[in-house]
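Visitor: Just dropping this structure here.
The values are calculated or read from the model by the stated rules, or taken from the named source; none is laboratory data. Quantities reported herein were computed from a predicted structural model and do not represent experimental measurements. With ideal geometry, Cβ positions are generated from the backbone for all residues, glycine too; neighbour counts draw on all protein chains shown.
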2 protein chains.
Amino acid sequence: MAYRAPVEDVSFLLKSCTSLPRLMEEGIVDLSFDLVDSVLEEAGKFAASEVAPLDPVSDKEGCTLKDGAVATPTGVRAAYAAWAAAGWPSVAAEERFGGQHLPVALTSALTEFWNSACPSFGICGVLTMGAVEALTAHGAKALQDTYLPNLVAGTWTGTMNLTEPQAGSDLSALRARAEPKGDGTYRIFGTKIFITYGEHDVAENIVHLVLARLPGAPAGTRGISLFLVPKFLVNADGSLGARNDAVCTGIEHKLGLHGSPTCTMTFGDKGEGAVGWLIGEENRGLNCMFTMMNNARLAVGVQGVAIAERATQRAIAFAKERRQGKAAGYQGEGMAPIVAHPDVQRTLLTMRAETLAARAICLMTADALDRYHRLPDPAARAAALAEASLLTPVAKAFSTDIGIEVASMGVQVHGGMGYIEETGAAQHLRDARIFAIYEGTNGIQAIDLVTRKIGQNGGDVVEALIADCRTVAADVTAVNAVEFGHMGVRLGEAVDAFATATRKMLDWLGEDQGKALAGATPYLRLFARAAGGAYLAKAALAAHRARTEGESDPRLAARIALARFFAENLATEARGLCESVIGGAGAVLEAEAVLALD
Amino acid sequence: MAYRAPVEDVSFLLKSCTSLPRLMEEGIVDLSFDLVDSVLEEAGKFAASEVAPLDPVSDKEGCTLKDGAVATPTGVRAAYAAWAAAGWPSVAAEERFGGQHLPVALTSALTEFWNSACPSFGICGVLTMGAVEALTAHGAKALQDTYLPNLVAGTWTGTMNLTEPQAGSDLSALRARAEPKGDGTYRIFGTKIFITYGEHDVAENIVHLVLARLPGAPAGTRGISLFLVPKFLVNADGSLGARNDAVCTGIEHKLGLHGSPTCTMTFGDKGEGAVGWLIGEENRGLNCMFTMMNNARLAVGVQGVAIAERATQRAIAFAKERRQGKAAGYQGEGMAPIVAHPDVQRTLLTMRAETLAARAICLMTADALDRYHRLPDPAARAAALAEASLLTPVAKAFSTDIGIEVASMGVQVHGGMGYIEETGAAQHLRDARIFAIYEGTNGIQAIDLVTRKIGQNGGDVVEALIADCRTVAADVTAVNAVEFGHMGVRLGEAVDAFATATRKMLDWLGEDQGKALAGATPYLRLFARAAGGAYLAKAALAAHRARTEGESDPRLAARIALARFFAENLATEARGLCESVIGGAGAVLEAEAVLALD
């Protein structure tokens, strides 16, 4: 099925809901919306024409490992080369390393497009972008000069080597070790699992960022350092030298993302150790990795949006073609297209509205990062960072949760055909399932939100967000236009529930953390219901203004209709979620007696 | 992973919540609970030891088609033979055809066990049982005598041939045709798709029940007749004769259920037509098929329960083994098992509670069927049938929805390992995904519930159920024991929401059916939240009584804890669902403007 990048939706959100207009006006970002739109258009075209065709092929062929070399599916190498040649890997990086330094809000949208078109292709760029960020923030100048230009150009790719069999969510348990050679290099030993694009044939070199322990390092997470370990060592003149002892010794047979090789990486198995260089300070590796992970978490959230968008497009297209039964509103000949059935409409609207809400949450997170990176005032930057930190776990977990849910709805809309692999709908569900797991499971995101994020500045950051949401709800109520339905009331109720649950969570953090942890997952969902609804409503208000100013683009009315649908049908979950957070923790903490019986 | 059949849960529900004790006492059912328990035990053992080992093998190998013959995965033939030899296919059928005529509540539980152990194996028996029911209810005596003993013994298996490419949910569009030969036989022509076990190697003969049109039959669903078309014709002495022209011409490549061959069946392609016999009256085939389908719908609901149970067992076992991080309540050495983390506990309790609620709904549906089949009083039988009709779409749709959700949570609990196929968790998600689609998509179940079921007797049937739920909530509130938490209050709120939405639905049915259709899916979920919560609470009340009478089995306390968890954490969805039903339909009916843009 053809993919069409949601250029208009992104562009509208950027213009109406982000800081980008202000940052442009103040000359902080040197861009125009004409340029932004043309970047979006070009990326959308490339994604549709060059990347999307890889998606079914990648799924079917998967990757193969032979003698330590991974072959990617047919067409991926060529597409990657064209993608790099077109300059797409360089959009985010700083100019001094050859990057275009576009705002995160814009580059996130591009990440969505690649991952909608083919997520097993898109994830490679996400990892490389993460490596660029970590090296930019923490790498020594010599390392930056050697590695960044090629990573930014996409000639080389990056990886994150964290997980070991005994150390998944809990990195304190990791055992890989690094020995200093005294010449500025280290020798790395150990085995890492689940390394995305740990080995492949799409680029000339692979730059592994590897967590390992130095001799005598403290136990736990305070004894972990970060190392750069290239697949091929780099000669002084920049050419590639000897093969490093960093070898792919296995690839996984996964539910989905078949085109993305998930590698077991063995370092130093030949005896001398893999040659590596320290990034940042000794024993501060987790800090460096978190730079990479926070951005990667947003990017994974964007992957959730991406798969939801693709699944939605596919389902709507199918529902317009497939004819079954009679439908009250359908005037045509014969059986009605199933898109005319109210129950199918509910499903499709849910898919669209969830996708839009998740996209808005991701874009708002990206926008906060842009203000953090670019505003001149340190206080404003700190506030923006706190906002981004607050939103990141929500962007990651909510977007990937709805990625799965929307992909599953997409299968359902296809009926029996949805279960047949050749249809393509099932692949989205299989692909989407990992996003809720990697870069920190969604449970860990919820715990991060509750234990580290809402308590920032004594709760001021989340309270400010709640106040913003409340203002939006009030503004919607004030509009009093028939097409807004009960959007304002429902949104107001959702925000009230969000506020109530937040206060309870903040109370519990001091004295009763078990209850806060027990309610973390429904709390995150509640957060997204209120904030997502508010962002959609904000865009709907902008659409309403445009309509009152005489614009007649039907997409403006559709935007209002979707925000209304979200408020009246999805944000309605909020009160029940609040009850589960506040009144449900007791039952969770009695779990032991139940689970002991199994 | 080892499977352990939930014998205790089923036995407790049968004793404390169904009519079975009364039916036994009154001599209507000639069974004792000792016998019931030993049947459950034996079935559980067989499922665990003989059927469960097939599950990963079936998934991996799948079925192959060669020259019209389907080979099932290694071990399936032998297991099927042992299963039939042990008498398991005959549990439901009437004695006169060699069956054991056990109550549906009991046979449903057995269906769950086979499908937990290996759903691609279990579905074969479900289809055969459906064919037995249809033939028993509608077949001429000669057909019954020829086919039923072998179907009941499991020597032969049955299929349902409904779907054609253009006729999925809407059977009025089907085109297969039947020509009467004047000798009591018919010749069948046409192609059917998605025929489960349409061809296989596990039994000697296959008895296809095929929907087709007679010459001059009215258009639409009133012109469809049902035919019996055997794979091999049966000689007068009962031996197998000529091969009939009913041929498998393709099998599907599916997301899951790989061990179950999904066949394209071509009838009469050699020219003369496949030989068939009419079942029931001409043009009344859909009626006959509905006998089969209603029971099959309950059985598919049971498949949802089955997969949820298996996924839950697997996740709990993993969570007890896998160690990551520290947990407040964990006193042991080193990292805590993840089962000690409150967020994981919430997930596992959700899995368990949803599974129990769905099982209870299915058992209550089965119990109503038992009263319909067995009570002497015609009025009581009619009331029981109305109750079963009301509950069937809820049993089918809710159980299969939570089957998917619980299987997905199971993947999540496994973290990265959950995405690796060898772990086994992902297979449950892939397998579960079809249950929400086949035997009428869950959307169609919701529409059936709203347009045909809640309106029975002017709404009296559903109102009686609501009154029962309300009584349970009041009884729980009256108990006032600390371990019940806020179960009574939350359940009462859920029942209120159910009642409010039901009244609105009944109003809309007369005048505003579009709104009823638009709200059908959240209404069904709301129904299940209230009724499922009430059934769990009823069992919890029975457990409480047993405890006050001095019983100390820890499973009694666990039952109360799970009912409480359900009420406080899942039934809390009810009010929001009610709001979506009542206040959300307007936004759905404005869908056209949104969906036109895609």
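Visitor: For the structure I just gave you, tell me whether A:I447 is at the interface with chain B (Cβ under 7 Å from one of its Cβ atoms), part of a loop (DSSP other than H, G, I, E, B) and surrounded by 18 or more Cβ atoms within 10 Å (Cβ to Cβ).
Guide: Working: at the interface with chain B (Cβ under 7 Å from one of its Cβ atoms): yes; part of a loop (DSSP other than H, G, I, E, B): no; surrounded by 18 or more Cβ atoms within 10 Å (Cβ to Cβ): yes.
No.
Visitor: While we're looking at this one, here's another question. Please state which one of A:A395, A:A474, A:A386 is more than 10 Å from every other protein chain (Cβ to nearest Cβ), more than 20 Å from A:K254 (Cβ to Cβ) and either free of Cβ contacts under 8 Å to residues at least 24 places away in the same chain or outside any helix (DSSP H, G or I) (or both).
Guide: Being more than 10 Å from every other protein chain (Cβ to nearest Cβ), more than 20 Å from A:K254 (Cβ to Cβ) and either free of Cβ contacts under 8 Å to residues at least 24 places away in the same chain or outside any helix (DSSP H, G or I) (or both) holds for just one of A:A395, A:A474, A:A386, which is A:A474.
Visitor: Starting from residues that are of a type in the set (G, A, S) and modelled with pLDDT of 95 or more, keep the ones in segment A:192-235 and report whichever is farthest from A:W156 (Cα to Cα).
Guide: Going residue by residue through segment A:192-235, those that are of a type in the set (G, A, S) are A:198, A:203, A:212, A:216-217, A:219-220, A:223, A:225.
Of the ones still in play, those that are also modelled with pLDDT of 95 or more are A:198, A:203, A:212, A:216-217, A:223, A:225.
Values: A:G198: 12, A:A203: 5, A:A212: 22, A:G216: 33, A:A217: 31, A:G223: 29, A:S225: 23 Å.
Among those residues, the one meeting the criterion is A:G216.
Visitor: Yes or no: A:T18 within 27 Å of A:N150 (Cβ to Cβ) and at pLDDT 95 or above? Before you say what the answer is, go through the steps one by one.
Guide: On the way: within 27 Å of A:N150 (Cβ to Cβ): no; at pLDDT 95 or above: yes.
So A:T18 fails the test.
Visitor: Got at least one residue in segment A:160-176 being in contact with a Pro (Cβ under 9 Å, 6 or more places away or on another chain) and either touching a residue at least 60 places away in the same chain (Cβ under 8 Å) or in a loop (DSSP other than H, G, I, E, B) (or both)? Step through it out loud before you land on a result.
Guide: Going residue by residue through segment A:160-176, those that are in contact with a Pro (Cβ under 9 Å, 6 or more places away or on another chain) are none.
Scanning segment A:160-176, I find no residue that is in contact with a Pro (Cβ under 9 Å, 6 or more places away or on another chain) and either touching a residue at least 60 places away in the same chain (Cβ under 8 Å) or in a loop (DSSP other than H, G, I, E, B) (or both), so the answer is no.
Visitor: Can you tell me which residue in segment A:181-238 is surrounded by the most Cβ atoms within 10 Å (Cβ to Cβ), limited to those that are hydrophobic (A, V, I, L, M, F, W, C), touching a helix residue (DSSP H, G or I) at 6+ places or on another chain (Cβ under 7 Å) and assigned to a strand (DSSP E or B)?
Guide: A:L226
Visitor: Hey, among the residues in segment B:485-523 that are facing chain A (nearest Cβ under 10 Å) and surrounded by fewer than 24 Cβ atoms within 10 Å (Cβ to Cβ), which one's farthest from A:R346 (Cα to Cα)?
Guide: From segment B:485-523, those facing chain A (nearest Cβ under 10 Å) are B:485-487, B:489-490, B:493-494, B:497, B:513-522; that's our starting set.
Cutting the leftovers down to surrounded by fewer than 24 Cβ atoms within 10 Å (Cβ to Cβ) gives us B:485-486, B:489, B:493, B:513-515.
On the way: B:G485: 35, B:H486: 33, B:V489: 31, B:E493: 25, B:Q513: 15, B:G514: 12, B:K515: 11 Å.
Selected residue: B:G485.
Visitor: Mind counting the residues in segment A:152-173 that are modelled with pLDDT of 95 or more and more than 14 Å from A:Y438 (Cα to Cα)?
Guide: So the count comes out to 7.
Visitor: Condition test on A:G416, is it outside the structural domain of A:A531 (by TED's automatic domain parsing) and either in a helix (DSSP H, G or I) or closer than 30 Å to B:H253 by Cβ (or both)?
Guide: Working: outside the structural domain of A:A531 (by TED's automatic domain parsing): yes; either in a helix (DSSP H, G or I) or closer than 30 Å to B:H253 by Cβ (or both): yes.
When the stated conditions are applied, A:G416 passes them.
Visitor: Select from segment B:421-431 the residues that are outside any loop (DSSP other than H, G, I, E, B) and in contact with a Pro (Cβ under 8 Å, 6 or more places away or on another chain) and write down the one among them that is nearest to A:I434 (Cα to Cα). Steps first, answer last, please.
Guide: Step one: filter segment B:421-431 for residues outside any loop (DSSP other than H, G, I, E, B), giving B:421-423, B:425-431.
With in contact with a Pro (Cβ under 8 Å, 6 or more places away or on another chain) added as a condition, the list becomes B:427, B:431.
On the way: B:Q427: 14, B:D431: 17 Å.
Among those residues, the one meeting the criterion is B:Q427.
Visitor: Hey, any hits in segment B:562-580 for a residue that's at the interface with another protein chain (Cβ under 7 Å from one of its Cβ atoms) and farther than 23 Å from B:D496 by Cβ?
Guide: No; the residues of segment B:562-580 include none that is at the interface with another protein chain (Cβ under 7 Å from one of its Cβ atoms) and farther than 23 Å from B:D496 by Cβ.
Visitor: So, of the residues in segment B:136-154 that are touching a strand residue (DSSP E or B) at 6+ places or on another chain (Cβ under 7 Å) and part of a helix (DSSP H, G or I), which turns out to be surrounded by the most Cβ atoms within 10 Å (Cβ to Cβ)? Before you say what the answer is, go through the steps one by one.
Guide: To start, the set of residues in segment B:136-154 that are touching a strand residue (DSSP E or B) at 6+ places or on another chain (Cβ under 7 Å) comprises B:138-139, B:143, B:146-147, B:150-151.
Filter once more, keeping what is part of a helix (DSSP H, G or I): B:138, B:143, B:146-147, B:150-151.
On the way: B:H138: 22, B:L143: 16, B:T146: 20, B:Y147: 23, B:N150: 21, B:L151: 27.
Applying the filter and picking the extreme gives B:L151.
Visitor: For B:A178, only one of the following conditions fails: (1) surrounded by fewer than 24 Cβ atoms within 10 Å (Cβ to Cβ); (2) touching a strand residue (DSSP E or B) at 6+ places or on another chain (Cβ under 6 Å); (3) more than 14 Å from every other protein chain (Cβ to nearest Cβ); (4) among the small types (G, A, S). What is its number?
Guide: With (1) surrounded by fewer than 24 Cβ atoms within 10 Å (Cβ to Cβ); (2) touching a strand residue (DSSP E or B) at 6+ places or on another chain (Cβ under 6 Å); (3) more than 14 Å from every other protein chain (Cβ to nearest Cβ); (4) among the small types (G, A, S) applied to B:A178, the lone miss is (1).
Visitor: What residue, of A:K270, A:K254, is assigned by TED's automatic domain parsing to the domain that holds A:E164, surrounded by fewer than 16 Cβ atoms within 10 Å (Cβ to Cβ) and among the basic types (K, R)?
Guide: On the way: A:K254 fails: surrounded by fewer than 16 Cβ atoms within 10 Å (Cβ to Cβ).
Among A:K270, A:K254, only A:K270 is assigned by TED's automatic domain parsing to the domain that holds A:E164, surrounded by fewer than 16 Cβ atoms within 10 Å (Cβ to Cβ) and among the basic types (K, R).
Visitor: Moving on to the next point. For the subset of segment B:581-598 comprising residues that are outside any helix (DSSP H, G or I) and out of contact with any Lys or Arg (no Cβ under 7 Å at 6 or more places or on another chain), which member is farthest from the other protein chains (Cβ to nearest Cβ)? It would help to see each step written out before you state the result.
Guide: Start the filter on segment B:581-598 by keeping residues that are outside any helix (DSSP H, G or I), which leaves B:584, B:590, B:596-598.
Add one more test, that the residue is out of contact with any Lys or Arg (no Cβ under 7 Å at 6 or more places or on another chain), and what stays is B:584, B:590, B:596, B:598.
Values: B:G584: 4, B:E590: 5, B:A596: 8, B:D598: 4 Å.
Only one residue tops the list, namely B:A596.
Visitor: Given the residues A:A542, A:A546, which is the only one that is in a helix (DSSP H, G or I), free of Cβ contacts under 8 Å to residues at least 24 places away in the same chain, surrounded by fewer than 24 Cβ atoms within 10 Å (Cβ to Cβ) and touching a Ser or Thr at 6+ places or on another chain (Cβ under 9 Å)?
Guide: A:A546
Visitor: Here's a follow-up. Residues being in a helix (DSSP H, G or I), more than 7 Å from chain A (Cβ to nearest Cβ) and of a type outside the set (D, E, K, R): count how many of those fall in segment B:549-561. Working first, answer last.
Guide: Filtering segment B:549-561 for residues in a helix (DSSP H, G or I) gives B:554-561.
Now narrow it down to the ones that are more than 7 Å from chain A (Cβ to nearest Cβ): B:556, B:559-560.
Add one more test, that the residue is of a type outside the set (D, E, K, R), and what stays is B:556, B:560.
The number of residues fulfilling the criteria is 2.
Visitor: How many residues, within segment B:315-367, are more than 10 Å from chain A (Cβ to nearest Cβ), in contact (Cβ under 8 Å) with a residue 40 or more places away in the chain and not polar (S, T, N, Q)?
Guide: So the count comes out to 14.
Quick grid of which residues meet (1) touching a residue at least 60 places away in the same chain (Cβ under 8 Å); (2) more than 26 Å from A:T64 (Cβ to Cβ):
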residue	(1), (2)
A:E204	no, no
A:V210	yes, no
A:R213	no, yes
A:L226	yes, yes
A:E252	no, no
